[in-house]
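Trainee: If you scroll down you'll find the structure; I have some questions about it.
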Amino acid sequence: MPQKVISIKQAARIAAPAPRYDGAQPADARGRPLRDLRISVTDRCNFRCTYCMPREVFDADYKFLPHSAILSFEEIARLARIFVGLGVKKIRLTGGEPLLRKDLPLLVAMLAPLGADLTLTTNGSTLVKHAAALRHAGLDRITVSLDSLDDATFRAMNDADYPVEKVLDGIGAAADAGFSPIKINMVVKRGVNDHQVVEAARYWRDSGHILRFIEFMDVGSTNGWRMDDVIPSAEVVRRVSEAFPLEPVEANYAGEVAERWRYRDGAGEIGVISSVTQAFCAGCNRMRLSTEGSLFTCLFAHQGHDLKRLLRGGADDGVLRDAIAAVWRAREDRYSEIRTAETARARKVEMSYIGG
Ligand code: SAM
């Protein structure tokens, strides 16, 4: 079904503030509230990052979802509104590469009036083209992934021969459009880009942007994860601190995933995301909506809950709300707390599908 062509102004008019849910906002089986929603808007990406969408698997024969299977903007906006009514305060658009989804600023304009903090994670490759429109449509914040400033290392990691320079241009365009601070995600893999940790810190210090180091995770079943390839965040903090002394900073809010550290000389801050060595399941308040409308209660899940069937079967908002709340209430996940070499080999849904 082709996406309807509407203007950003029309899109903003269609959306209305989310209704408040009169019933109690759901807590899951471990008492965690629902606060954060990640929406995957496409399972496609123009990069083939070796730790995420290895080219041997995501090759020319790989069957990505057909357009008819993926949620339309109207469907996404309707569900997002229900989620906000259930207590969601933050929505992140992701993928795959979210900016490959045609007319994404229209979706942003439909979601912005819901009043949640609206953010996007991108590889930055098309930000020069889209940053101003995204800002104009009401996007609050942007995170850009950039794993190395060394061109050869970066091209090898994205496996699409994509140069660092163009991502830096995209970050510049986002800053010019008014996004600040921009978060820069760097996945650190031993022997691949860990020699770039201090260089990255040096480059982004004093830039006004926030570099975040992410531990290499065993997402999906295709990235060949091994514990030996993980650089623990504690080691990253030690290496950066030896060059530029750091001190810890309080979390911005309960359940914040990144642990914050600031430079003692006032040159800004970094974050570390330690899903492997310091599991943060106890504070995890995140639900994921996959590209084709399934709900996932954990990044490491192997199975979702089909919401699209209800949505396309004519369910009203109350039925959808109750279905979402029921999935959340039954949630027990704490994968990162129980990870072993064996669980890491188990079948899990791919990050590009579920939304990173
Ligand atoms: N295409 C967008 C991008 O590149 O940012 C959004 C999707 S991507 C899956 C979201 C984030 O997940 C990126 O920062 C990426 O580096 C991170 N990521 C992907 N696979 C990962 C893994 N195995 N371990 C840690 N982070 C990973």
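Values quoted throughout were computed directly from the atomic coordinates according to the rules given, and no laboratory measurement underlies them. Quick caveat: nothing in here was measured; it's all calculated off a predicted structure. Methodologically, a virtual Cβ is constructed for each residue, glycine included, from the backbone with ideal geometry; neighbour enumeration extends over all protein chains shown.
Trainee: How much length would be gained if the chain were fully extended between K102 and D317, taking 0.36 nm per residue of separation minus their Cα-Cα distance, in nm to one decimal?
Mentor: 74.7 nm
Trainee: On a full-extension model of 0.36 nm per residue, what is the gain between D228 and V198, subtracting their alpha-carbon distance, rounded to one decimal in nm? Please report the intermediate quantities before stating the final value.
Mentor: Numbers: separation 30, 0.36 × 30 = 10.80 nm, distance 2.03 nm.
Gain in length upon complete extension: 8.8 nm.
Trainee: Using the Karplus curve 6.51 cos²θ - 1.76 cosθ + 1.60 with θ = phi - 60°, what ³J(HN,Hα) values do you get for each residue of the range 54-69, in whole Hz, with x for Gly and Pro?
Mentor: My calculation for the range 54-69 gives x, 4, 4, 9, 8, 9, 4, 8, 5, 8, 6, 5, x, 4, 5, 8 Hz in order.
Trainee: If you don't mind, another one. Quick check: residue separation of R264 and A160 times 0.36 nm, minus the Cα distance between them. What number comes out in nm?
Mentor: 33.7 nm
Trainee: Report Rg(Cα)/(2.2 N^0.38 Å) for the range 195-318, keeping two decimals.
Mentor: The value comes to 1.35.
Trainee: I want to verify a result. In a Gaussian network model of the chain, Cα cutoff 10 Å, which of these has the top mean-square fluctuation: A325, A160, A132?
Mentor: A160
Trainee: To continue, here is another question. Once both axes come from the Cα atoms, what is the angle between helix 317-329 and the longest principal axis of the chain, in degrees from 0 to 90, rounded to 10?
Mentor: 40
Trainee: I would also like to ask the following. For the range 253-350, which trypsin sites (Lys or Arg not before Pro) are both in a DSSP coil and crowded by at most 10 other Cβ atoms within 10 Å?
Mentor: Sparse-neighbourhood loop trypsin sites (Lys or Arg not before Pro): R347.
Trainee: Here is a further query. Of all beta bridges DSSP finds with both residues in the chain, what is the antiparallel percent, to the nearest 5?
Mentor: Percentage antiparallel, nearest 5: 30.
Trainee: Then there is this: Just from its helices, what would the mean residue ellipticity at 222 nm be for the chain, if runs of 4 or more DSSP H residues each count -39500 (n - 2.57) and the sum is divided by every residue, rounded to the nearest 500 deg cm²/dmol?
Mentor: -8500 deg cm²/dmol
Trainee: Further question on the same structure: Sort 251-258, 105-112 by the packing proxy (mean of other Cβ within 10 Å over each peptide's residues), most packed first. It would help to have the intermediate numbers written out before the result.
Mentor: Working: 251-258: 13.6, 105-112: 24.5.
Per-residue mean Cβ counts within 10 Å order the peptides as 105-112, 251-258.
Trainee: Here is a follow-up. Can you give the relative contact order of the chain as a percent, counting alpha carbon pairs under 8 Å and 6+ residues apart?
Mentor: Relative contact order of the chain: 22 percent.
Trainee: Taking the Kirkwood radius as the inverse of the mean 1/r across Cα pairs, report the Rg/Rh of the range 57-147.
Mentor: Result for the range 57-147 is an Rg/Rh of 0.99.
Trainee: Just the projected area, averaged over all directions, of the convex hull on the alpha carbon atoms of the range 279-332: how many nm²?
Mentor: Reported value for the Cα convex hull: 4.0 nm².
Trainee: So what J values fall out for the range 231-238 if you push phi through Karplus, 6.51 cos²θ - 1.76 cosθ + 1.60 with θ = phi - 60°, rounded to Hz, Gly and Pro as x?
Mentor: Along the range 231-238, the couplings run 9, x, 4, 4, 6, 4, 4, 5 Hz.
Trainee: Can you give the relative contact order of the range 109-209 as a percent, counting alpha carbon pairs under 8 Å and 6+ residues apart?
Mentor: It rounds to 30 percent for the range 109-209.
Trainee: State the Cα centre-to-centre distance between the range 212-246 and the range 122-161 in whole Å.
Mentor: Cα centroid of the range 212-246 versus Cα centroid of the range 122-161: 21 Å apart.
Trainee: Determine, for each peptide in 235-242, 218-225, the mean count of other beta carbons within 10 angstrom over its residues, then list the peptides with the highest first. Present the calculation step by step, with values, prior to reporting the outcome.
Mentor: Numbers: 235-242: 17.2, 218-225: 19.1.
Sorting 235-242, 218-225 by mean packing, highest first, produces 218-225, 235-242.
Trainee: Computed FRET efficiency, Cβ-Cβ of H67 and E250, R0 51 Å: what is it to the nearest 0.05?
Mentor: Rounded to the nearest 0.05, the efficiency is 0.70.
Trainee: So which cysteines in the chain don't have a second cysteine's C-beta under 4.7 Å from them?
Mentor: Within the chain, the cysteines lacking a partner Cβ under 4.7 Å are C45, C281, C284, C298.
Trainee: Out of the range 19-128, which chymotrypsin sites (Phe, Trp or Tyr not before Pro) are coil in DSSP terms and have no more than 14 other C-beta atoms within 10 Å?
Mentor: Here the chymotrypsin sites (Phe, Trp or Tyr not before Pro) that fit, given the DSSP loop and packing criteria, are Y62.
Trainee: I need the peptides 170-178, 275-283 ranked by packing, meaning the mean over residues of other C-beta atoms within 10 angstrom, with the highest value on top.
Mentor: For the peptides 170-178, 275-283, the packing ranking is 170-178, 275-283.
Trainee: Next question, about the same structure. Hey, quick one: spin label on D206, modelled 7 Å out along Cα-Cβ, who in the range 241-273 has an amide N within reach, i.e. under 14 Å?
Mentor: 244-245, 263-269
Trainee: Report the far tail of the P(r) of the range 138-239, meaning the percent of Cα-Cα pairs longer than 16 Å.
Mentor: Considering the range 138-239, 59 percent of its Cα-Cα pairs are separated by more than 16 Å.
Trainee: For the chain, compute Rg over Rh where Rg is the Cα radius of gyration and Rh is the Kirkwood radius from the inverse mean 1/r over Cα pairs.
Mentor: For the chain, the value is 0.94.
Trainee: In degrees from 0 to 90, rounded to the nearest 10, what is the angle of the helix 164-176 Cα long axis to the longest principal axis of the chain?
Mentor: With rounding to tens, the tilt is 60 degrees.
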